[in-house]
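Every read-out reported here was derived from the displayed coordinates using simple, explicitly stated rules and does not represent laboratory data. Since the structure is predicted, the reported quantities are computational estimates derived from the model, not experimental observations. FYI the Cβ positions are ideal-geometry reconstructions off the backbone, even for glycines, and counts take in every protein chain you see.
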């Protein structure tokens, strides 16, 4: 096919996973476009039943729409697919509930540029002096437990392994486009990076309380969340996670029946 | 052993066997999923008919009443079948996730091609969707 020279708008992509976030998605998209003008904005509408898609398009975002709800892992992975297929060099993940402050994207980018060897920069709530993140004590405790376990496993201090406010380079995008956890992916993703010998670092960021909608982790689900993530951590340790080589069995194949 | 329970076991296993075969014949059940069912029905049928084998097995594992061994074995098969279905459901979940993601990407691409085709048509340029597809790989949105 004939390649046409086109002006490259950007090599940076901001992915906003959104499930029924009609109340906040416009503000998030506009804030990203204002504070991170070098980024194209992609909203992944994860099967919303409200106006999320139309509002996001009106705000100037590219929109991927899932035909049904896949959960946060599937939504973010669609972002990785998109970034990989369209040749973006960097991708930042910003939640659609306006919990993440788009002004901090620059902080992540600076950290990535400062250290060429880093494949993922993660915004941490707990490295910051700014205490604007008044999480309930139960949730903070849970996060600190994960932080403790994950830090031991990867041999590096990780203070906020559940934060989804992350900037990925091309290597990390490629890894996660091929294999990204389903349900509560953030903690497991840190371990996957470690297993695949990719490097990450954390930088302090401010975070807000959620602007609307409901968290993917409601209080009733937090026990399930704890158990699922712990299972994923410890089963994940024993799991080989090779990226399939050409000719290998496909990760999803009909021939894998008993 | 009471002959009544033997008759009931044989009839039940035969009905299961014939029922599964009939579902396969009507193409409502894939052979892939029918094999385990057929195998379990055959084993239960064999044990129901051949009582000596049942008694040997019962004696080996210390079951006092041999017909109970039949139920233990049937239970084992049920567990294996359920696990088999959990695997099948997990695989289907993974496959439908990938399909939904690919579909979303294709839909976005198609809408973009249609938009750029419209713009070209409005500008009086020839519309070439292949060129438009290549050219629009990266976004130059406002």
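Taking label positions 7 Å along the Cα-Cβ direction at both residue A:235 and residue B:4, the computed distance is 4.6 nm, reported to one decimal. Put a dot 7 Å past the Cα of residue B:39, heading toward its Cβ, do the same for residue B:115, and the two dots end up 5.3 nm apart. Highest mean packing comes first when the peptides A:233-239, A:20-26, B:53-59, A:46-52 are listed by Cβ atoms within 10 Å, giving A:20-26, A:46-52, B:53-59, A:233-239. Put the Cα centre of the stretch B:73-106 next to the Cα centre of the stretch B:47-68 and the gap is 35 Å. Springs between Cα atoms under 10 Å define the GNM used for chain B, and in it the highest mean-square fluctuation of B:111, B:32, B:51 occurs at B:111. Counting Cβ atoms of other protein chains within 10 Å of each residue's Cβ and taking the mean over peptide B:8-21 gives 0. Taking 0.36 nm per intervening residue step and subtracting the Cα-Cα distance, what contour gain separates residue B:50 from residue B:85 on full extension? Contour length minus Cα-Cα distance gives 9.6 nm. Legend: mean number of C-beta atoms from other chains within 10 angstrom of residue C-beta atoms, peptide A:198-206, equals 0. The sum of -39500 (n - 2.57) across all DSSP H runs of n ≥ 4, divided by the residue count of chain B, sets its helix-only mean residue ellipticity at 222 nm to -29000 deg cm²/dmol.
Among the residues of B:100-111, the average count of other protein chain beta-carbon atoms within 10 Å of the residue beta-carbon is 6. Highest-first packing order for the peptide set A:58-64, A:77-83 is A:77-83, A:58-64, based on the mean count of other beta carbon atoms within 10 Å. The order of A:162, A:141, going from fewest to most other C-beta atoms within 10 Å of their C-beta, is A:141, A:162. Inter-label distance, residue B:68 to residue A:227: 3.1 nm, where each label sits 7 Å from its Cα along the C-beta direction.
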